[in-house]
Amino acid sequence: MKLQDKYAELINTAKSAGVKNLQVREQENVLYIDGQVPSQEVKQKLWDVYGKIDPNFRSADVVMNVAVSPITPAPAMQEYEVVKGDNLSKIGKRYGVSWKEIYEANKNIISDPDLIQPGWKLKIPQKV
C-alpha cells in the first residue's frame, strides 16, 4: 500500500481545509506533507486526522511540516470629508494613494467615481 493511499484522508483534509502551498511527496518510505495552514485550529485538525489513522504515532512514516500563516492585518483607513471642488484624483494625491484605491474602499457610497458630493465621509486607505 502506498503511503498516499494510507493517508488519503489526511491529504484530503489538508486540501479541503485550505492549506496553501500544499506539497505531498513520498521519499524513502516516508510521506512528507508541507504547507501553510490558515489557523492553529486547522493544524490541530490535521494532527487529529493523523492520530486517527496512526493512534500512537508509531509508524514514523509521516512528516508534517505545516506552519500557521501569519495574519495580515487589513490596511488602516483614515477618514476624509469631501469639500466643494474635490475629486478622487485630487484627494488621492493628497494622501499618496490612487483614485482607484479610494473608489474601491468606498464602493458602498460611490456609484460613479466622477461624481462625489461635499459632505461625504470617505475612507482613505493608508500605504503600508
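Bear in mind that the values in this text are calculations on the coordinates, not laboratory data. Remember, it's a predicted structure, so these values are computed and weren't measured experimentally. Glycine also receives a Cβ, built like all others from the backbone with ideal geometry; neighbour counts cover every protein chain displayed.
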Quick calc, the chain, dipole around Cα centre from Cβ unit charges on Lys, Arg (+) and Asp, Glu (-), nearest 20 debye, gives 380 debye
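What's the Kirkwood radius of the stretch 40-128 in Å, using all Cα pairs?
For the stretch 40-128, inverting the mean 1/r across all distinct Cα pairs yields 16.8 Å.
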Any idea what the relative contact order of the stretch 77-125 is, in percent, if you count C-alpha pairs under 8 Å spaced at least 6 apart? 58 percent
Which residues qualify? For residue 124, with a placed amide H closer than 5 Å and at least 5 residues away or on another chain, they are 78, 79, 80
Listing 64, 77 by rising number of other beta-carbon atoms within 10 angstrom, fewest first, gives 77, 64
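Which GluC sites (Glu not before Pro) from the stretch 12-43 combine a DSSP loop assignment with at most 11 other Cβ atoms within 10 Å?
Numbers: sites: 26, 28, 41; in loops: 28.
Passing sites in the stretch 12-43 are 28.
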With an 8 Å Cα cut-off and a minimum separation of 6 or more residues, compute the relative contact order for the chain in percent. 21 percent
Rounded to the nearest 5, the percent of DSSP beta bridges in the stretch 3-68 running antiparallel is 45 percent
One would report the antiparallel percent of DSSP beta bridges in the chain, rounded to the nearest 5, as 60 percent
Please find, in a Gaussian network model of the chain (springs between Cα atoms separated by less than 10 Å), the residue of 11, 102, 33 whose mean-square fluctuation is greatest. 102
Semi-axes a, b, c in Å (a largest) for the stretch 1-47, each sqrt of 5 times a Cα gyration tensor eigenvalue, come to 19, 11, 8
